[in-house]
1. Cα gyration tensor of the protein assembly as shown, axes a ≥ b ≥ c as square roots of the eigenvalues: rounded (a/c below 1.5), prolate (a/b > b/c) or oblate?
2. What distance in nm separates the two pseudo spin-label positions at B:GLU400 and B:ASP212, each 7 Å out from Cα along the beta-carbon direction?
3. Please sort through the DSSP H helices of chain A and keep those with an alpha-carbon extent of at least 27 Å along the long axis and a Kyte-Doolittle average not below 1.0.
4. Report the equivalent ellipsoid semi-axes for the stretch B:41-296 in whole Å, largest first, defined as the square roots of five times the eigenvalues of the gyration tensor built from alpha carbon atoms.
5. Other chains near A:61-73: what is the mean number of their Cβ atoms within 10 Å of each residue's Cβ?
6. Assuming 0.36 nm per residue, please report the length gained on full extension of the stretch B:ASN195 to B:THR265 beyond their Cα-Cα distance.
7. Rank the residues A:MET50, A:MET97 as a footprinting-exposure proxy: fewest other Cβ atoms within 10 Å of their Cβ go first.
8. When each pair of different Cα atoms in the stretch B:268-369 is counted once in the 1/r mean, what is the Kirkwood radius in angstroms, to one decimal?
Amino acid sequence: MFDDLRDLYQEVIFDHNRNPRNFRIIENADRKVDGFNPLCGDRLTLYLKMNGDVIEDASFQGSGCAISTASVSLMTEIVKGKTEAEAEALFKTFHEMTTGKDEQVNLEAVGKLAVLAGVREYPARVKCATLAWHTLDAALKNEKQAVSTE
Amino acid sequence: MTQFPIDKIRNDFPILNEKIRNKPLVYLDNAASSQKPNVVIDCISHVYRHDYANVHRGVHTLSVRSTDKFEGAREKIKDFINAESGKEIIFTKGTTESINLVAQSYGKANIKAGDEILISAMEHHSNIVPWQMLSEQTGAILKVAPINLRGELILDEFIKLIGDKTRLISIAHMSNALGTINPVKQIIAAAHDKNIPVLLDGAQAIPHMPVDVLDLDCDFYAFSGHKLYGPSGIGVLYGKQALLESMPPYQGGGDMIRKVTFEETEYNTLPYKFEAGTPSIADAIALGAAIDYLNEIGMGAVAVYEAELLDYATEQAKKIKGLRIIGEAAEKGAILSFVLDKIHPHDIGTMLDSLGIAVRAGHHCAMPVMDFFEVPATARASFAIYNTKQEIDVLMNGIESLIEVFG
Ligand SMILES: Cc1ncc(COP(=O)(O)O)c(C=O)c1O
């Protein structure tokens, strides 16, 4: 019945929505930033534990739609063990992939995140996918105030 | 009773033939804005092809013709809401501007530091923010009357909040987020006992029921053309003549003056005093056409038909496991706001869209209502004269299927 949506709602997204990874609080987190999408009410809090410039651990709390939950869940998995610079580079590629300005995005570079490429066909949903990454960006830049997609 | 002419009505709205993602459009976002019948679309094009010139300005034939049509629309609106005079009908951009006009004109002239403005907890942002701005400017206090878990105003509490300091009450006739129809007559009676004027935000009520401002005895009534099958960019503020006379102008410019020198300006009479600048001429005339169209059907018949749709939708929705209706007031208009267990409204919106069904997913410009019900957002199906029970079946099937997919 929802054949048209198969590119947007891939099984991996349902899986992460049902069972979000790293859905917990890091008690001794070095960075903690809130992200908010006022348009749909998605809210998340991102926690990072740093070791030098390496992200040792990442987790989140909050509630949102399937796209935003899957996006933040996947993100916390993939950035673990990455340096700040590597994470920033990934954000850049992810942003290009989801906003669709560059068709030539190297999907291999984003690994599992490629399941979110489908949002580019749904402009109303792009912010759902990018909220997590804007929040991460703020956390890496050590900005304390909440991030809003608006 | 004669049959509601649903087939004819559906034929009158050309957009209903659109295919959305290869499916027939099921348009259930009427509370945000309704679609337009041919008579409205054709009226706009007719005005620009045959009748257009600026109004109230020239002696030439077209200007006279345009002015006649524009003022004719005002008369139609006056009759539609049973106002006493066309002087009480002020054209605005819409509900939002109408409320801001009252806040900045009546409010600034009559409300001082320590005075109170009373609204309810179910208001649209456009019936909250203008009062917050006025409060900031004057030092007045904004009081908010509570609602219960069915989404009804708690009338006792509301009445208790009408006090010696209350200077103005502004409340939705019908809520856009919940569908609740408020007991406005009782509120108005209680307010008038203390000589307090009442503004009704009629944005949602006006398309769904007969509205009679004389019978309601409200002091102001605000609504938008675009939710009433008319164009966007045009709306109305009704005000009792004596009140409007006493109020200072809202904006300055052409049309609202009688005589200008650099030393002083004499303001025009009602309603022009509040209509500075060139109005949305064709849109006002087309709003008149929308009203003619509705009069032919009859607002009483509209109310009966839509009540049937809402009853049916509510009954079907209640059969769906995991669906919770937000807003179950005893008195309700044709709006069904709901949430699903573990499925975010935005996912509901996208999923239904892929089936050709347009619903609103979000906070409906009523964030305090969302906070009260402890939901980030809701999905909202809102019905209009062209919707059918078959469309409600399509919606319910869609909801059941998406619950399955999310598992
Ligand atoms: C209850 C209510 N009040 C006010 C408004 C604002 O109307 P407009 O945007 O046409 O000015 C709306 C429209 O969404 C509404 O539903």
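Derivation of every value follows stated rules applied to the coordinates shown; laboratory data play no part. It should be emphasised that the depicted structure is a prediction, and the values quoted were computed from it without experimental measurement. In this analysis, Cβ positions are derived from the backbone assuming ideal geometry, glycine residues included, and neighbour counts consider all displayed protein chains.
1. Prolate.
2. Spacing of the two 7 Å Cα→Cβ label points: 4.3 nm.
3. What comes out of the filter, once short or polar helices are dropped, is none.
4. Those come to 32, 22, 14 Å.
5. Averaged over the peptide's residues, the number is 3.
6. Numbers: separation 70, 0.36 × 70 = 25.20 nm, distance 3.16 nm.
Value of the extension gain: 22.0 nm.
7. Lowest count first: A:MET50, A:MET97.
8. For the stretch B:268-369, the Kirkwood estimate is 17.5 Å.
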